[in-house]
1. If you go through the stretch B:86-97, how many residues are over 10 Å from the mean Cα position of the chain (by Cα) and at the interface with chain A (Cβ under 10 Å from one of its Cβ atoms)?
2. Show the residue pairs that are 6+ apart or on different chains and have beta-carbon atoms under 7 Å apart, the first residue being within the stretch A:8-20 and over 14 Å from A:Q80 (Cβ atoms), the second being modelled with pLDDT under 95.
3. Can you work out which of the residues in the stretch A:1-32 that are in a loop (DSSP other than H, G, I, E, B) and basic (K, R) is nearest to A:S95 (Cα to Cα)?
4. For the stretch B:50-62, give me each residue that is touching a Lys or Arg at 6+ places or on another chain (Cβ under 8 Å) and within 14 Å of chain A (Cβ to nearest Cβ).
5. When the stretch A:64-79 is examined, which residues are found to be surrounded by 14 or more Cβ atoms within 10 Å (Cβ to Cβ) and either of a type in the set (F, W, Y) or in a loop (DSSP other than H, G, I, E, B) (or both)?
6. Which one of these does A:R109 not meet: (1) more than 14 Å from chain B (Cβ to nearest Cβ); (2) of a type in the set (K, R); (3) farther than 15 Å from A:P25 by Cβ?
7. Pull up the stretch B:66-85, narrow it to residues that are farther than 13 Å from B:V19 by Cα and outside any loop (DSSP other than H, G, I, E, B), then point me to the one that is nearest to the other protein chains (Cβ to nearest Cβ).
8. For the stretch A:96-112, which residues satisfy the criterion of being surrounded by fewer than 21 Cβ atoms within 10 Å (Cβ to Cβ) and in a strand (DSSP E or B)?
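The values are calculated or read from the model by the stated rules, or taken from the named source; none is laboratory data. All values reported here derive from a predicted model rather than from experimental measurement. Reconstructed Cβ throughout: ideal geometry from the backbone, glycine too, with neighbour counts over all protein chains shown.
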Amino acid sequence: GAGVSQTPSNKVTEKGKYVELRCDPISGHTALYWYRQSLGQGPEFLIYFQGTGAADDSGLPNDRFFAVRPEGSVSTLKIQRTERGDSAVYLCASSNQGRETQYFGPGTRLLVL
Amino acid sequence: GEDVEQSLFLSVREGDSSVINCTYTDSSSTYLYWYKQEPGAGLQLLTYIFSNMDMKQDQRLTVLLNKKDKHLSLRIADTQTGDSAIYFCAAQGGKLIFGQGTELSVKP
């Protein structure tokens, strides 16, 4: 596609629920990244995929967070038992290969009530 | 760990130059980036500089890199009201490490 797309653009859920956030990277980009941006802060790294495998998941805050990229293109970030502190904008980025310029999607705004 | 620091606010008059500063700690960073974020929007890549360069110019934007001091700056010439946004500096050693962002306010 023309750019990175993310769905949904907004998600409101209740504490304790499960959510899935989707990222569709730029066609042909092998590297995909997830970041989380809290209000008034810069984005913080969560996880990086090279192809289908997670090359670096050191930014995932705890085991409630999990991400997959089964076919090396679309990725899904999954959050179990959501907490109010999970409320943030979740950003996805892709690059042609690792360590190259990352292009960001518009983000998914998650609100946990 | 790796860290990137920016001043939080900058206010300028339309037509003036803006200079946004950034310091980083990871000397192994290969690329350094500037992204722009408008309210409610995603991150727009503005420009980047490779770590073995000390200056890059792209139209109204000039990036200066002092690798010894780990200091990066973004100069916007002839600043316009449409430049009002939050500007993020980011250092790349694989994943991106972002600063907290500088809010640029341009007054007519």
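1. Residues meeting the conditions: 6.
2. Short answer, once both residue conditions are applied: A:S9/A:P106.
3. Among those residues, the one meeting the criterion is A:K17.
4. Residue satisfying the conditions is B:S51 alone.
5. Residues satisfying the conditions are A:R64, A:F65, A:F66, A:R69, A:G72, A:S73, A:V74.
6. All conditions pass for A:R109, except number (1).
7. This residue is B:A85.
8. Scanning the stretch A:96-112 gives A:Y103, A:R109, A:L111, A:V112.
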